[in-house]
1. Can you tell me which residues in the range 91-109 are closer than 15 Å to residue 52 by Cβ and under 13 Å from the mean Cα position of the chain (by Cα)?
2. When you look at residue 118, is it touching a residue at least 24 places away in the same chain (Cβ under 8 Å), out of contact with any strand residue (DSSP E or B) (no Cβ under 6 Å at 6 or more places or on another chain) and either part of a helix (DSSP H, G or I) or buried (at least 17 other Cβ atoms within 10 Å of the Cβ) (or both), yes or no?
3. Hand me the list of strands (runs of 3 or more DSSP E) wholly inside the range 21-114 holding 2 or more residues that are surrounded by fewer than 12 Cβ atoms within 10 Å (Cβ to Cβ).
4. Looking only at the range 106-131, count how many residues are touching a helix residue (DSSP H, G or I) at 6+ places or on another chain (Cβ under 7 Å) and over 16 Å from residue 92 (Cα atoms).
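Nothing in this text is a laboratory measurement; each read-out follows from the coordinates by a stated rule. Quick caveat: nothing in here was measured; it's all calculated off a predicted structure. Glycine gets a Cβ as well: all are built from the backbone with ideal geometry, and neighbour counts include every protein chain shown.
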């Protein structure tokens, strides 16, 4: 690896450590020419499926778009950045596990909704309203009723979806 400071062609690894999540290796390196030290990170490069948009276009998966979708849905909600990171990793893992080279973009939406349902009910309904193109209040009501039917199987500590409802318990 080239030194980022002097561009010398040879650096040596001083130390290697696996990251907390086990997905990356951090390597501490030293340039043999200038003596500067720096870190590199090694991750497995696994190809994610291409997405087939509703108009038939094909597009490479973009993690930034996924993260932006989560952040918009979770705006002003009591969900930490770490929880968002975990949800993004969950969707990426689900995409990889399909084993497909191409997937309809709608499938990504299903994975996102699954993760949002676990994180925050309000964010879930926000995302569902755009994803399913709600037309009126009845569509919202229907989705909230469907969510409430599913909640006994999901036990997450969240604020009540509507006033007068008890908050769910945490796992």
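1. 95, 108, 109
2. In short, yes.
3. Those strands (runs of 3 or more DSSP E) span 37-43.
4. Matching residues across the range 106-131 total 11.
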